1. Based on the mean of other beta carbon atoms within 10 Å per residue, what is the order of 42-53, 4-15, most packed first?
2. Name the residues whose placed amide hydrogens come within less than 5 Å of the amide hydrogen of LEU18, ignoring near sequence neighbours (fewer than 5 apart) on the same chain.
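Just so it is clear, none of the values below were taken in a lab; they were calculated from the coordinates. The model shown is predicted, which means the values in this text are computed figures rather than measured ones. Neighbour counts are summed over all protein chains in view; Cβ atoms, including those assigned to glycine, are modelled from backbone coordinates with ideal geometry.
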Amino acid sequence: MQHKYVIVELTNGGSWHLYGDDERPHDYQRDQLRVLPDLLAAGWTPVRETPVATAGRGLFSWRQGCFCLVLLSKPD
């Protein structure tokens with residue numbers, strides 16, 4: 001079983017890889033921030049969703065927001 005983590009921004013639906021993808025770019029372009037629909041179409045299945053909110057501190061100090069951490073799985 002393969003696993004990937006994806007972050008989904010709840011305000012605009014943007015999504016990007018967190019871990020589990022060796023080919024992910026280091027610097028995302030705006031059109032690359034929609035990876036979840038492609039992964040679902042490729043057979044990845046959501047296993048667990050965890051809501052996450054930021055308070056404008058730390059890594060997300062540039063803004064406040066609501067995100068969801070999604071664990072996906074796919075058979076080998």
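1. On the way: 42-53: 11.7, 4-15: 15.8.
Most protected by this proxy first, the peptides run 4-15, 42-53.
2. TYR5, VAL6, ILE7
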